[in-house]
Each structure stands twice: as C-alpha cells, then as structure tokens.
Amino acid sequence: MLIRAMLTIFLAVPFFTLQAQDCTSLLNISTGDSSSVIYLNDSYLGSGRISREVKKGKYKILIKDEARKWGAQEIVDSISINECGKTENLEYSFKKTVYLRTIPDNAEVYFRDSLLGSTPLSIYRTVPQVEIRKTNYKPVFLTAEDLAQNPLIDLDFMGKRAPESFFKTNLFKILVGSAIALGTTAVYYKLKANKTYDQYNETKESTLMDKTNRYDLYSGIAFGALQVNFGALIYFFFVNE
C-alpha cells in the first residue's frame with residue numbers, strides 16, 4: 001500500500017506541474033484601425049488586431065495612433081487575468097479628429113475661452129465650435145460641420161501691409177539701368193573726344209576740332225542726365241524708406 005501511494009504521488013506531480021504551466025487565457029485586442037500599434041507591458045504585439053495567450057497576472061495595454069504625425073492619440077488601459085481558460089475580448093477606438101490648417105499657419109484656435117493650440121492642429125470632432133484668431137487677421141468662427149467640410153481656412157488680412165521695398169520696384173531697376181547706360185555713354189563720347197583732339201593737335205584740321213566739340217557736347221549731356229538720374233535714385237530711396 002505504501003509503495004502504491006508513493007507511486008501515485010510520483011506520477012501525479014508531473015501532471016499538476018504541466019497543468020499549472022498550461023494555465024493561460026486568450027486575450028483579444030481590437031482597435032478597428034490597422035495603422036494603430038499595440039503594446040502589452042511595453043512589448044510590441046502587432047497592429048490593428050491581435051490575439052495572444054497570456055498567463056495569470058496584471059497587464060498594461062498601450063495603443064498608439066501611428067498614422068498621425070500631428071496630434072497623435074494614445075490609449076492606456078490595464079487588465080487583470082485571474083482565471084485559466086477564459087477569453088478576454090477588448091475593443092478600443094480613437095476619437096475622430098479633424099486636421100485643421102490655416103493660411104498663414106500659427107493661428108490660435110480657441111474653444112470658448114480655452115486655447116486648444118496653434119495651427120496646424122488636430123481637433124476632436126466632438127468639439128462643437130472653434131474660433132480662429134491671429135493678429136492682423138479677421139477672426140473666424142467654425143462649427144464642427146464647417147470643419148468637416150473644409151479643414152483648410154484662408155484667413156483675411158486686416159492689418160496694414162508693409163510697403164514694397166524700393167529696391168524691388170520696377171522704378172529702381174529702370175533708374176539703375178539708365179544710370180549704367182548714361183554713364184557708359186558719357187565715358188564713350190569723352191574718350192572719342194580725347195582721341196579726336198589728339199588727332200587735331202597732330203594735323204590741325206578744323207573738322208577734327210568740330211568733332212571734338214561735338215563729342216564733348218554728347219558726353220556732357222549724358223553726364224548731366226546721369227546726375228539727374230542719381231538725384232532721382234537718392235530722392236526715391238529716402239521717400240520709400
């Protein structure tokens with residue numbers, strides 16, 4: 001009898017050990033979003049929907065919305081597995097959002113008197129209405145329906161626009177171009193006048209002196225116009241600055 005009892009205990013130990021090792025439950029987690037990633041106790045399990053055998057214990061569940069770069073959501077939960085052979089089904093879903101953008105960006109978005117953030121911004125569709133504010137721009141009030149239909153808002157400028165720089169105007173380009181042309185002309189005729197005068201000194205022909213005087217006249221007219229041109233440049237520079 002003693003030997004039989006010892007044999008029974010000896011055979012039963014592996015059975016109970018194996019039964020303890022197989023004490024697991026099935027955990028099913030579904031998000032309804034294939035781009036979401038699922039972690040269990042900080043260990044990556046998969047995306048969208050997973051099924052895992054888990055032992056008894058407490059588990060931390062983390063689900064991240066990997067599809068969004070702005071305003072990404074996270075879901076944090078926990079579950080305790082206290083029995084064997086059970087099936088736990090957990091379903092999660094992210095809040096629906098609208099990705100609000102404005103032209104220009106960095107506009108402040110308010111719900112009542114609470115600042116939600118600055119554009120570009122993801123907003124929950126459960127927010128009934130928002131107000132968009134930006135200095136020098138007309139405020140915009142939008143309902144949730146407005147946001148769903150048009151999440152890109154072109155803001156109306158109401159401030160005083162800075163005047164265009166004089167250096168970017170067509171007038172500046174014309175004055176600079178004409179100054180170069182007049183300066184080149186003045187130098188060209190002055191060189192011709194000097195050359196013709198040297199020839200006159202060698203030959204003493206009166207026609208060469210006439211040409212010299214004519215070239216000097218052309219050079220003087222071009223130089224005078226160049227001075228007027230520079231005066232206009234200086235005047236418009238100070239007026240526009």
ask   = In segment 184-191, is there at least one residue being free of Cβ contacts under 8 Å to residues at least 12 places away in the same chain, polar (S, T, N, Q) and over 30 Å from VAL98 (Cβ atoms)?
value = yes
task = Name the single residue, out of those in segment 104-136 being touching a Lys or Arg at 6+ places or on another chain (Cβ under 7 Å) and small (Gly, Ala, Ser), that is modelled with the lowest pLDDT.
result = SER122
Condition met for GLY32 (at pLDDT 80 or above, exposed (fewer than 12 other Cβ atoms within 10 Å of the Cβ) and in contact with a Cys (Cβ under 9 Å, 6 or more places away or on another chain)) = no
remark   = Counting only strands (runs of 3 or more DSSP E) entirely within segment 58-130, those with at least 2 residues that are among the hydrophobic types (A, V, I, L, M, F, W, C) and buried (at least 16 other Cβ atoms within 10 Å of the Cβ) are 74-81, 97-103, 121-124
ask   = With (1) at pLDDT below 90; (2) surrounded by fewer than 17 Cβ atoms within 10 Å (Cβ to Cβ); (3) under 30 Å from ASP113 (Cβ atoms); (4) of a type outside the set (Lys, Arg) as the list, and LEU147 as the residue in question, which single condition is left unmet?
value = (2)
query = In the set LYS56, LYS60, which member is modelled with pLDDT of 90 or more and farther than 30 Å from THR126 by Cβ?
reply = LYS56
key: Criterion violated by SER165 - all others in (1) more than 30 Å from TYR59 (Cβ to Cβ); (2) surrounded by 11 or more Cβ atoms within 10 Å (Cβ to Cβ) satisfied   = (2)
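The values are calculated or read from the model by the stated rules, or taken from the named source; none is laboratory data. Treat the numbers as computed from the prediction; the structure is a model and nothing was measured. Note that we place each Cβ from the backbone using ideal geometry, even for glycine, and neighbour counts take in every protein chain shown.
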